[in-house]
1. Among the listed residues Lys129, Lys140, identify the single one that is out of contact with any Leu (no Cβ under 8 Å at 6 or more places or on another chain), touching a residue at least 60 places away in the same chain (Cβ under 8 Å) and among the basic types (Lys, Arg).
2. Could you count how many residues in the range 93-134 are in contact with a helix residue (DSSP H, G or I) (Cβ under 8 Å, 6 or more places away or on another chain), among the hydrophobic types (A, V, I, L, M, F, W, C) and outside the structural domain of Val171 (by TED's automatic domain parsing)?
3. Do we have any residue at all in the range 51-64 that's of a type outside the set (Asp, Glu), surrounded by 10 or more Cβ atoms within 10 Å (Cβ to Cβ) and either modelled with pLDDT of 85 or more or in a helix (DSSP H, G or I) (or both)?
4. For the range 177-208, give me each residue that is outside any loop (DSSP other than H, G, I, E, B) and among the hydroxyl-bearing types (Ser, Thr, Tyr).
5. Output the number of the condition that Gly71 fails; it satisfies all remaining conditions of (1) within 30 Å of Arg170 (Cα to Cα); (2) assigned to a loop (DSSP other than H, G, I, E, B).
Amino acid sequence: MDLTSLAAAAAAATQATVPLAYPADKWDQIYDIWIWLSVVIYLIIAVPMLYFLFRYHVKSDSTEKGADEHGSTGLEVLWTVVPLIIVIYLAVQGAVFYNEQRTPPPGSMVIKTEGMMWAWTFEYENGKKSYNEVYVPVGKPVKLELTSKDVLHAFHIPAAKTMEDAIPGRVTYIWFQFNETGEFLSFCREYCGTAHAYMRATIKVVSEEEFGQWLSI
């Protein structure tokens, strides 16, 4: 295999590991850790429990008496320390992932976003505005600075697994990054009145060149 083929294979492998969107990958990692940890703990508890249930089942006509046990210091320390370590790990890991999910990367593109009954407006750094459509370049982190013109709204991007309230008189924010071109829907996730279900926006992820052309028009 020549160098060109090796480089192409490496690029394909790298691309295959890149998630569709950030910060969705953080939530996926948290989910995987919790689900596998839960499965392991369940098996550690359930399998011996079922074994002992059938192995030491006492028949109704049995006169056998069990031994008088007074506990085991080693076991008590074990089942106290191990769960404590697991809980501390999950707390620290969750805090780290949450901080990464909430912190926009340096150089993020800022778009001012305003919710109203029942639409979204987007304003770019050069003053250009769009309505219910937000154009972003692929592979670029985007920070939405959110506010509301009237009532409480919430900007939700299912594909990026991120959501934040848009509050009248305040500026909140979320960030996201799509690594593939295409169109992705966002929804208002806070009930805001009669047409709440129709308050949607389309996130159009395009190439850097196409985004530059659109922004300059």
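The values are calculated or read from the model by the stated rules, or taken from the named source; none is laboratory data. Please read all numbers here as calculations on a predicted model, not as lab measurements. Cβ sites come from the backbone with ideal geometry, for glycine too, and all protein chains shown count toward neighbours.
1. From the options Lys129, Lys140, the qualifying one is Lys140.
2. Within the range 93-134, residues that are in contact with a helix residue (DSSP H, G or I) (Cβ under 8 Å, 6 or more places away or on another chain), among the hydrophobic types (A, V, I, L, M, F, W, C) and outside the structural domain of Val171 (by TED's automatic domain parsing) number 1.
3. Yes.
4. Of the range 177-208, the ones outside any loop (DSSP other than H, G, I, E, B) are 177-178, 182-188, 196-198, 200-206, 208.
The answer is Ser186, Tyr198, Thr202.
5. Unmet condition: (1).
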